[in-house]
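The structure appears below as structure tokens.
Just so you know, all these numbers are worked out from the coordinates, no wet-lab data involved. In this text, all values refer to a predicted model and were calculated from it rather than measured experimentally. Cβ atoms come from the backbone with ideal geometry, glycine included; neighbour counts cover every protein chain shown.
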Amino acid sequence: MIDASINEMLTERKQKFLIPANIVANVLESNNLYHAFLVLTKNQYAKIIVLDNDGKYKGLLSLAMVTDQMLDTESINVSKLTHILVGDVMQTDAITVEDPYDVENDLRLLTNNPFLPVVADNGDFTGIVTRRELLKAINRMVHNIDDQYEITKK
Ligand code: AMP
């Protein structure tokens, strides 16, 4: 378990942990892969969130999932993308979290994932927690801890 003082320092600016849904790039499960390819290429994220028309979280889509569908035996066929929907190829088993401010859980899960989708229990997509924001909080903590605490070796 994380020490309470460390946890308190890490969550001093906890509002920064959650990147809210309204500024997270997404595609709809009903979009075709041609559209998704443009979105992924334009915003330069390797993986983005997939939603349904009601703003519910559905999964993740990576550029590799799209380009994989473009491959024919000996060539690349971009036009195939207009006939395949995001919902047909998206990843549906990605780990999600409900509470973005559970630092202990975030630390464990962000070790292997660059970001975590935050999903409410009714399926609404709330936003994402990123490794970058957590690392910034850790960076601040390790540089400031001796301003607030006397650290003595046991
Ligand atoms: P970062 O830690 O900021 O590099 O973000 C890690 C990953 O989170 C990125 O590679 C994206 O896949 C995702 N990500 C971060 N910010 C956004 C955003 N505003 N919209 C969509 N995806 C994002």
Answer yes or no as to whether Ile145 is within 16 Å of the ligand (Cβ to nearest atom), in contact with a helix residue (DSSP H, G or I) (Cβ under 9 Å, 6 or more places away or on another chain), among the aliphatic types (A, V, I, L, M) and assigned to a helix (DSSP H, G or I). no
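One line per residue, one yes/no per condition, for (1) within 12 Å of the ligand (Cβ to nearest atom); (2) aliphatic (A, V, I, L, M); (3) free of Cβ contacts under 8 Å to residues at least 12 places away in the same chain; (4) surrounded by fewer than 16 Cβ atoms within 10 Å (Cβ to Cβ):
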{"residue": "Asp102", "(1), (2), (3), (4)": "no, no, yes, no"}
{"residue": "Leu116", "(1), (2), (3), (4)": "yes, yes, no, no"}
{"residue": "Thr126", "(1), (2), (3), (4)": "no, no, no, no"}
{"residue": "Lys136", "(1), (2), (3), (4)": "yes, no, no, yes"}
Scan segment 11-37 residue by residue and report those that are assigned to a helix (DSSP H, G or I), surrounded by 14 or more Cβ atoms within 10 Å (Cβ to Cβ), of a type in the set (A, V, I, L, M) and within 16 Å of the ligand (Cβ to nearest atom). Ala21, Ala36
Please find, among Asp88, Asp93, the residue that is loosely packed, with under 11 Cβ neighbours inside 10 Å, farther than 17 Å from Met9 by Cβ and not small (Gly, Ala, Ser). Asp93
(1) out of contact with any strand residue (DSSP E or B) (no Cβ under 8 Å at 6 or more places or on another chain); (2) surrounded by 14 or more Cβ atoms within 10 Å (Cβ to Cβ); (3) not hydrophobic (A, V, I, L, M, F, W, C): which one isn't true of Ser79, the others all being true? (2)
Name every residue in segment 38-69 that is of a type in the set (Lys, Arg) and more than 10 Å from the ligand (Cβ to nearest atom), in order of residue number. Lys42, Lys56, Lys58
Out of (1) touching a Pro at 6+ places or on another chain (Cβ under 9 Å); (2) of a type outside the set (Asp, Glu); (3) surrounded by fewer than 18 Cβ atoms within 10 Å (Cβ to Cβ), what's the single condition that is false for Tyr57? (3)
Residue satisfying condition, being within 25 Å of Phe115 (Cβ to Cβ) and assigned to a helix (DSSP H, G or I), within set Asp88, Asp54: Asp88
Which ones in segment 62-83 are within 14 Å of Leu38 (Cα to Cα) and outside any helix (DSSP H, G or I)? Ser62
